[in-house]
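Values in this text are rule-based calculations from the coordinates and carry no lab data. In this text the structure is predicted, and so the values were computed from the model without any measurement. FYI the Cβ positions are ideal-geometry reconstructions off the backbone, even for glycines, and counts take in every protein chain you see.
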Amino acid sequence: MSIATYSELQSAVAAWLKRSDLAARVPDFISLAETRIKSLVDIINLEVTVPLATTPNSDIVPLPADFKSPIKLWLADINPIEALDQFLPESLPYNNVPNRPLYWAVDGPNIRFHCPANQIYPIQFRYHQLFDLSDGNPTNTILTNYPDVYLFGALCEAGDFMFDDQNVVKWDAKFRDAIQRCSNQEASNNKLVPLATEFGQIQKRRFNIFRGY
């Protein structure tokens, strides 16, 4: 059975439990498991980069459904791609003349640029993902890469609810094994990430013909 989405996870938990009368409780078991997972695993990959694009004559781009908080945004129409300066929405130096976007802000459910785009521009947007699974946020990095963490975590919570001590011992062992493998892999991933100071690497900034400096 594939376990790649919130819906598939619910189906898998129900199938393992073999208790149709607990179907309505499965989201609670998953939510309780998430609380436990958050305390045990540090996932750097909850930072993701996705491709987006502007719409001509519009100054907004809808945020991804799993967006939690922004990290960085680049316009990818030039090489190397250009990181745009982020503002608070109330401080965005707005201009209603269509042009190439240079500044942006998170404004409600959208990315808002300081001007309408004069054409389609490819975007690379890096952000922190939402962790909690839901119908509106059906997957995350942990479920994608380590579905057994969620499955056995939810089964442990279900076992506690049912006072099924025998299965809780078995499921908890599988959960801890899955957590350990997840933690080991993430620790290995983190070793490959170069350390950066608060100021980052000192680089000479290239002249940009669109920006004018």
inquiry  = Ignoring solvent entirely, what values of log10 I(q)/I(0) come out of the Debye formula for the chain at 0.08, 0.15 Å⁻¹ when each Cα is a single scatterer?
reply    = -0.41, -0.97
task = Net charge near T35: determine it from the other residues with C-beta under 10 Å of the C-beta of T35, scoring Lys and Arg +1 and Asp and Glu -1.
result = -1
query = Based on the Cβ-Cβ distance of S58 and H128, what FRET efficiency does E = 1/(1 + (r/R0)^6) give at R0 = 22 Å, to the nearest 0.05?
reply = 0.30
query = What does the charge dipole of the stretch 47-129 about its Cα centre add up to, to the nearest 20 debye, if the Cβ of each Lys and Arg holds +1 and the Cβ of each Asp and Glu holds -1?
reply = 60
query = For the pair R36 and Q119, how long in nm is the line joining their label points, each one 7 Å along Cα→Cβ?
reply = 5.5
request  = With +1 on each Lys and Arg Cβ and -1 on each Asp and Glu Cβ, and nothing else charged, work out how big the dipole of the chain is about its Cα centre, in Debye to the nearest 20.
outcome  = 780
ask   = So what's the gap between the Cα centers of the stretch 62-133 and the stretch 1-20, to the nearest angstrom?
value = 37
query = Once amide H atoms are placed 1.01 Å from N in the peptide plane, what residues at a sequence separation of 5 or more from L63, or on another chain, have their amide H within under 5 Å of its amide H?
reply = N110, I111
key: Cα gyration tensor shape for the stretch 47-129, rounded if a/c is under 1.5, else prolate or oblate   = oblate
remark   = Candidate span helices, the chain: DSSP H, at least 18 Å along axis from Cα coords, Kyte-Doolittle average at least 0.5, result 147-162
note = For W74, W104, W171, ascending order of other Cβ atoms within 10 Å (fewest first) is W74, W171, W104
query = When K18, K170 are ordered from fewest to most other Cβ atoms inside 10 Å of their Cβ, what list results?
reply = K18, K170
ask   = Dividing the alpha-carbon radius of gyration of the stretch 1-107 by 2.2 N^0.38 Å (N being the number of residues), what value is obtained?
value = 1.59
ask   = Where is the GNM fluctuation largest for the chain (alpha-carbon springs, 10 angstrom cutoff): S58, S91, S11?
value = S91
